[in-house]
Amino acid sequence: MSRTPVQSPAGRRDRPVYDRDSVLEVAVAVFNERGYDGTGMEELARRLGLSKSSIYHHVSGKAELLDLAVSRALDALFAVLDEEEDPDRAPDTTATARLEHVVHRSVEVLAAELPYVTLLLRVHGNSAVERRALERRREFDHRVAELVARAAAEGGVRDDIDPHLASRLLFGTVNSLIEWYRPEGGLPVAALADALTAVLFDGLHGRAGS
């Protein structure tokens with residue numbers, strides 16, 4: 001967390017100074033710990049060691065903090081889809097290979113943005129910010145389902161499972177990592193992504209085209 005203590009002219013250590021990113025980092029930790037609805041600005045101010053007015057110097061309130069946090073997670077996930085759907089990037093890549101890459105990269109995104117993805121997956125649609133986030137999640141799921149359908153059509157994955165169901169099963173497994181994966185646990189992210197992708201796609205490849 002990036003915060004820089006300020007010295008007064010007399011050499012006294014004053015309250016830490018935050019930028020917006022570091023305020024957001026602390027807010028996300030508190031939201032995940034206490035729940036977004038259960039967190040007030042008073043609690044955020046206490047955890048930051050700031051006055052509420054100091055927080056408002058960076059953001060308009062906790063709704064903006066939530067919006068910044070879930071947008072960070074969603075933008076990272078959509079970036080994975082966008083890079084795979086760029087025809088200039090790998091014009092000859094099969095839909096099956098793209099799908100495997102999307103799942104693999106999504107594990108890496110989850111690991112890199114774990115607190116933000118965790119918060120995203122816990123929103124319930126109780127506010128305008130949350131409803132927008134859920135709508136973007138549905139859009140992401142729809143685009144993955146389209147990729148699953150293309151992979152099934154080319155015979156790369158089994159075609160006896162509805163693409164939307166397959167998409168939910170794939171990302172239900174990826175998203176479950178928030179419950180137990182911890183970066184400090186020593187498991188390399190690349191090894192985790194490789195293992196999860198292998199397990200998922202062994203099942204999806206099982207009866208392709210049968």
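The values are calculated or read from the model by the stated rules, or taken from the named source; none is laboratory data. Everything quoted here is computed from the prediction, not taken from an experiment. Heads up, the Cβs are rebuilt from the backbone with ideal geometry, glycines too, and the neighbour counts pull from every protein chain shown.
A Cβ distance below 7 Å, combined with a sequence gap of six or more or placement on separate chains, defines the contacts here; from segment 133-158, residues that are at negative phi reach residues that are among the acidic types (Asp, Glu) and crowded, with 18+ Cβ neighbours inside 10 Å in the pairs ALA152/ASP159.
Evaluate segment 14-32: report whether one residue or more is farther than 18 Å from ASP67 by Cβ and at pLDDT 95 or above. No, the conditions are met nowhere in segment 14-32.
PHE140 fulfils the conditions (1) in a loop (DSSP other than H, G, I, E, B); (2) closer than 17 Å to VAL70 by Cβ; (3) not charged (D, E, K, R) except for a single criterion, (1). Scanning segment 22-46 for residues being under 19 Å from LEU114 (Cβ atoms) and assigned to a helix (DSSP H, G or I) gives a total of 13. When ASP82 is tested against (1) over 19 Å from the mean Cα position of the chain (by Cα); (2) at pLDDT below 95, just one condition goes unmet, and that condition is (1). Close Cβ contacts (under 7 Å, 6 or more residues apart or on different chains) running from residues in segment 185-205 that are assigned by TED's automatic domain parsing to the domain that holds THR96 to residues that are among the polar types (S, T, N, Q) comprise LEU196/THR173; LEU200/THR173.
The numbered conditions (1) in a helix (DSSP H, G or I); (2) of a type outside the set (S, T, N, Q); (3) more than 22 Å from the chain's Cα centre (by Cα) are all true for LEU50 except (1).
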